[in-house]
1. May I ask for the net charge around residue 64, where only other residues with Cβ less than 10 Å from the Cβ of residue 64 are counted and Lys, Arg are +1 while Asp, Glu are -1?
2. Test of understanding: what is the full-extension gain from residue 217 to residue 85, defined as 0.36 nm times their sequence separation minus their Cα-Cα distance?
3. How far apart, in nm, are two points set 7 Å out from the Cα along the Cα-to-Cβ line at residue 32 and at residue 176?
4. Under 18 Å from a point 7 Å along the Cα-to-Cβ line of residue 113: which residues of region 74-96 have their amide N that close?
5. Amide H to amide H, which residues 5 or more places from residue 89 or on other chains are under 5 Å from it, using H placed in the peptide plane?
6. Against the longest principal axis of the chain, how steep is helix 77-86, in degrees 0 to 90 to the nearest 10, with axes from Cα atoms?
7. Express in nm, to one decimal, how much length is gained between residue 189 and residue 20 on full extension, taking 0.36 nm for each residue of separation and deducting their alpha carbon distance.
8. Once Lys and Arg get +1 and Asp and Glu get -1 on their Cβ, which of 5, 204, 69 lies farthest toward the positive end of the dipole of the chain?
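Where a number appears in this text, it was derived from the coordinates with a stated rule and is not lab data. Owing to the predicted nature of the structure, the values given are computational and were not obtained by experimental measurement. Glycine also receives a Cβ, built like all others from the backbone with ideal geometry; neighbour counts cover every protein chain displayed.
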Amino acid sequence: MTAMLDVRDVTKTYRCGGRTVEAVRSVSLQADEGDLVVLRGPSGSGKSTMLLMMGGMLRPDQGTVSCDGADVYARGRGRRNRYRRNTVGFVFQRFCLMPYLSVYDNIRYPVTLAGRRRRAAAGDIRDLAERLGIEDRLRHRPHALSVGEQQRAALARALVAGQRLILADEPSGNLDEENAAIIAECLVEENRRGRTIIVATHDPALLAIGTKQCRLERGALADDARPDAAGA
């Protein structure tokens with residue numbers, strides 16, 4: 001059976017201060033439909049670079065990233081844009097909320113891109129906001145929110161349009177223990193609804209929820225993804 005997401009031998013290097021930094025080197029992993037994969041490892045181990053390559057936002061120097069058997073980077077720009085818009089919901093580590101829009105409109109933005117009617121999306125937005133504890137912040141601008149509230153708004157935005165694949169980069173990195181548990185519960189619930197989720201984290205609250213785990217060290221896969229590895 002073809003994996004939903006199949007990453008084969010990807011490598012990504014950067015030039016930094018006159019030297020070459022190998023952020024990811026020869027990493028392979030698979031995520032089947034309905035998996036919840038935890039990508040763990042210390043800061044600087046290549047987790048964010050991996051998610052960006054999986055999300056169609058950063059072309060690997062070597063290797064392939066395939067979704068449903070189709071190479072993401074063999075597609076033209078238009079088809080790759082549709083992949084990002086229609087298949088992937090991305091939670092950025094630095095949130096990337098638009099400062100001139102309300103929290104409500106930030107969350108709604110992917111829905112607008114997908115062409116859904118505003119009225120049809122309103123209930124989904126309010127449901128997510130309530131689940132994530134930001135229902136009273138929807139009319140605020142991002143600068144009026146705490147860092148943790150901004151992070152939860154970014155998660156709601158990634159979830160609202162119903163994409164099959166959710167890629168989350170440290171989604172609880174700025175949250176206290178109680179709110180990290182809310183994030184974990186939300187991701188588990190979305191996974192139970194059939195969405196495939198890959199989360200990069202070193203938060204104990206999120207390490208425990210995965211159906212598979214992978215560990216990166218200095219850009220290399222140190223521990224193969226394996227079923228039922230949560231808590232290992």
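1. On the way: positive: 8; negative: 6, 9, 71.
Taking every other residue near residue 64 into account, the sum is -2.
2. Working it through step by step, the gained length comes to 44.5 nm.
3. Distance between label points: 4.0 nm.
4. 75-96
5. 165, 166, 167
6. 50
7. Working: separation 169, 0.36 × 169 = 60.84 nm, distance 4.10 nm.
Length difference between fully extended and current span is 56.7 nm.
8. My answer, from the dipole projection, is 69.
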